[in-house]
1. Which of the peptides 141-147, 40-46 is most tightly packed, and how do the rest follow, going by the mean number of other Cβ atoms within 10 Å of each residue?
2. Could you quote the convex hull projected area for the range 10-160, Cα atoms only and averaged over all directions, in nm²?
3. What do you get for the angle between helix 106-119 and the principal long axis of the chain? Use alpha-carbon atoms, 0 to 90 degrees, nearest ten.
4. Comparing Glu111, Glu177, Glu159, which has the greatest mean-square fluctuation in the GNM of the chain with Cα pairs linked when under 10 Å apart?
5. Roughly how many nanometres apart are two label points built 7 Å out from the Cα toward the Cβ at Arg25 and Met61?
6. Relative contact order of the chain, please, whole-number percent, based on alpha carbon pairs below 8 angstrom and at least 6 residues apart.
7. Tell me, Val212, Val205 in order of fewest to most beta-carbon neighbours within 10 Å?
8. About the Cα centre, and with charges only on the beta carbon of Lys, Arg (+1) and Asp, Glu (-1), how big is the dipole of the range 28-134? Nearest 20 debye, please.
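Since every read-out is calculated from the coordinates, none of them should be taken as a lab result. All of these numbers come straight from a predicted model, not from anything done at the bench. Cβ atoms come from the backbone with ideal geometry, glycine included; neighbour counts cover every protein chain shown.
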Amino acid sequence: MLQFENVSTFYGKIQALHSVNVEVRQGEIVTLIGANGAGKSTLLMTLCGSPQAHSGSIRYMGEELVGQDSARIMRKSIAVVPEGRRVFARLTVEENLAMGGFFTDKGDYQEQMDKVLHLFPRLKERFNQRGGTMSGGEQQMLAIGRALMSKPKLLLLDEPSLGLAPIIIQQIFDIIEQLRKDGVTVFLVEQNANQALKIADRAYVLENGRVVMQGTGEALLTDPKVREAYLGG
């Protein structure tokens, strides 16, 4: 479904990604773990076209994305939930969700809204509340719900657990697993390696812009090197 082949990215003269190879197959949860500054978010941003890959290939459903602008890429059944949530603070829950469904066919819009509200009952309760007055966990639910309004086949999640309480983190990861059951493919960038690897079909470890390990989520969860570096031993 999604393939990064020998992707290198620069910020000015500084190389952020070094010949990265990552594959996301349809119906999977694939996670990318690594420390701060490893290049995890940069890989997602490169997929979205900003920055553009300096070299290599990024293919989605067989189509080359390198060289296409961000707006065009985001119209290809791909949705992204950025780090920090970035909900529209002055808009209500309903209005935030409507923004996510702006390009959704009119015939599918209400059905998708109903699905999102079923997945996130809290959003239904807060339907007329402004996004900026919600808790961090509620805002994360809203950010994911807004992305789902576009009916994506591929959902990109950038650090969805960041700044959330443990009980809310568990809820978010339960929802991510449910999305897989519903047929949404998920590419998850996450510092919380323990939670991410538990739900991942496959995973990659990124260090200094290079993939240094890959395997099933279960295999990496029990790998001594991964446990020492990312799981506290």
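1. Values: 141-147: 24.7, 40-46: 22.7.
So the order, starting with the most tightly packed, is 141-147, 40-46.
2. 9.9
3. Its long axis makes an angle of about 80 degrees.
4. Judging by the Gaussian network model, the answer is Glu111.
5. 2.0
6. Working: 450 pairs, mean separation 63.7, N = 233.
Over the chain, the number comes to 27 percent.
7. Working: Val212 13, Val205 25.
Listed from fewest to most nearby Cβ atoms, that is Val212, Val205.
8. Numbers: 14 positive and 12 negative charges, 72 e Å.
Here the size comes out at about 340 debye.
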